[in-house]
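J.: Just passing along the structure, written as structure tokens.
All of the numbers you see were taken from the coordinates with simple rules; none came from a lab. Nothing here was measured: the structure is a model prediction, and the numbers come from that model. In this analysis, Cβ positions are derived from the backbone assuming ideal geometry, glycine residues included, and neighbour counts consider all displayed protein chains.
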Amino acid sequence: MGLYRFRDPIHGYIPVSEGELAIIDSAPFQRLRGIKQLATTSLVYHGAEHTRFGHSLGVMHLASAVLESVTDKNPGLFDTATRDWYRQILRIIGLTHDLGHAPFSHASETLFEGNLEHEDYTRKILLETEVGTCIRKIGAETRQKYGEKFDITPELIWMIYDGTDVLNEQYISPDFQFLKSFMDGELDCDKMDYLLRDSYYCGVQYGHYDLDRLVESFTVYRSDDGSALRLAIERGGVHAVEEFVLARYFMFLQVYFHKTRRLLDKRLTDCLGDILPGGYFPTDVYEYLEWNDAKVMREIDKSRTMRSARAFLERETMSCIYATNVHMNKEGGMVFGIMENSLAARLAESGLSEEDVSLHLVSDRPRKPVHAISEEALDERGIPVVVGHQKEPVSILDESLLLASLKKEIHIQRLYVSNEYKVEAERIVQELLEKSL
């Protein structure tokens, strides 16, 4: 390990092995240099030009750092072969977890055909491209060093990432579920990297938390019968977790769901829907891999005669004339629906259609709840806290009044209109609000 190093602005030097470098040098991984981490955010926070390339390196680095922290404070947890095998598996999962992202990341994922998601493309890339060959070569080395049991294949990587053993039609083993939790939980290496990285490049402070303290706070819990091995937090690390959860909460409100960025995301998807053949990204993995941010921009530029293309290229903004509370509930949703319909009707009375004023609805809700931490310590979405020599871990909600109070999910809905109709629309909204009081 450490034959090659990448200098990263967040984590400093990140060492990689020759086998890992082969994955990094592969065409599917190099494509990530051309996919911005935060879609259109650079049009709001101009520094947000960073890509999924650097993020993937960071996640790989953190995955092995957390495992090292866990094994250092739990000597004898794994034998040398198992520890090294798990470490290599985690590093590969960290490297490859974002390979399937579309251009402009999450902003364009509504343009996948059928029920496809970016994870489905990740699976295809792992199993059908040169990345799989690179993984098999790494597996051959671990197999030669430690025995057949310690093979690493692209199928194994996908199985752990996905959480299901497709061949045997069952969930993965508890120990593999333990590895999956490094990448998919309320407190995982993916989020740990992107919060710091996004905050750094956007030039904001919202995503900061004490990374070193958090990494050092990780430990493990194994049930008495040995069936459940779980990542957990030592009691002294609870405040670091609080800081982490709040950082994610504020980043969603101030950056990821910024009102101008979300409008630009919609402009982009409207435009891409008009440009892509059939309105969707190709399902063939090799055709899909030809698409990155630059190709999207070239295609949009060639389509300037289209209204949607001009709107995006010229960064046409709109005015947000009504927005719900950031924790919109059922009642708030009903009020919003009434507001939207009433506004459209009042505008129509003035001889204006929704198309005339470009009445747009943008609804924002995280794909996964920002802070939906389970009250059960060993639930999939729980964060177990190990307290001294207590036999059973407790939920972090029992240790943190702050996190226990964060029950409501983020859900925001906004109405936008063309700038030229802003004054009229705001007047109507104000009248409607006064009538509802």
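J.: Kindly state, to the nearest 0.05, the FRET efficiency for His327 paired with Gln144, given R0 = 56 Å and r defined as their beta-carbon distance.
T.: Given R0 = 56 Å and the Cβ-Cβ separation, E is 0.55.
J.: Give me the one-decimal nm value for the distance between modelled label points at Tyr4 and Lys302, 7 Å along each residue's Cα-to-Cβ direction.
T.: 3.3
J.: Also: Under 8 Å for C-alpha pairs, at least 6 residues apart: give me the relative contact order for the chain, rounded to a whole percent.
T.: Value for the chain: 15 percent.
J.: A follow-up question, please. Summing Lys, Arg as +1 and Asp, Glu as -1, what charge do residues with Cβ under 11 Å from the Cβ of Gly236 carry, Gly236 excluded?
T.: -1
J.: Here's another thing I want to ask about it. Looking at the chain, identify the longest residue range that excludes and avoids all trypsin sites (Lys or Arg not before Pro) in DSSP loops having at most 16 other Cβ atoms within 10 Å.
T.: Counting only loop sites that pass the neighbour cut-off, the longest clear stretch is 1-301.
J.: Take every DSSP beta bridge whose two residues both sit in the chain, then give the antiparallel share in percent to the nearest 5.
T.: 90
J.: In addition: In nm, give the distance between the simple-model label positions of Lys408 and Thr317, each being 7 Å from the Cα along the Cα-to-Cβ direction.
T.: 2.7
J.: Using unit Cβ charges (K, R positive; D, E negative) and no other charged atoms, how large, in debye to the nearest 20, is the dipole of the chain about its Cα centre?
T.: 920
J.: Next question. Give Lys191/Lys302; Lys73/Lys407; Lys73/Lys408; Lys191/Lys266; Lys36/Lys180; Lys191/Lys407 a once-over and call out the pairs whose C-alpha atoms are over 28 Å from each other.
T.: Lys191/Lys302; Lys73/Lys407; Lys73/Lys408
J.: Debye calculation, C-alpha points only, no solvent: report log10 I(q)/I(0) for the stretch 92-139 at q = 0.30, 0.31 Å⁻¹, in the same order as the q values.
T.: Scattering profile of the stretch 92-139, log10 relative to I(0): -1.12, -1.16.
J.: Using only the alpha-carbon atoms, how far is helix 422-436 inclined from the longest principal axis of the chain? Give it as 0 to 90 degrees, nearest 10.
T.: Approximately 80 degrees, to the nearest ten.
J.: Do any GluC sites (Glu not before Pro) in the stretch 83-158 lie in a DSSP loop with no more than 16 other beta carbon atoms within 10 Å, and if so, which?
T.: Passing sites in the stretch 83-158 are Glu113, Glu117.
J.: Whole-Hz Karplus ³J(HN,Hα) for the stretch 253-266, in order, using 6.51 cos²θ - 1.76 cosθ + 1.60 and θ = phi - 60°, x for Gly and Pro?
T.: So the Karplus estimates, Gly and Pro as x, are 6, 9, 10, 5, 10, 4, 4, 6, 4, 5, 5, 5, 4, 5 Hz.
J.: Mind pulling the per residue volume of the convex hull built on the Cα atoms of the chain? Å³ is fine.
T.: Spelled out: Cα convex hull of the chain, divided by residues, is 159 Å³.
J.: Over all directions, average the projected area of the Cα convex hull of the stretch 1-188 and note it in nm².
T.: 11.8
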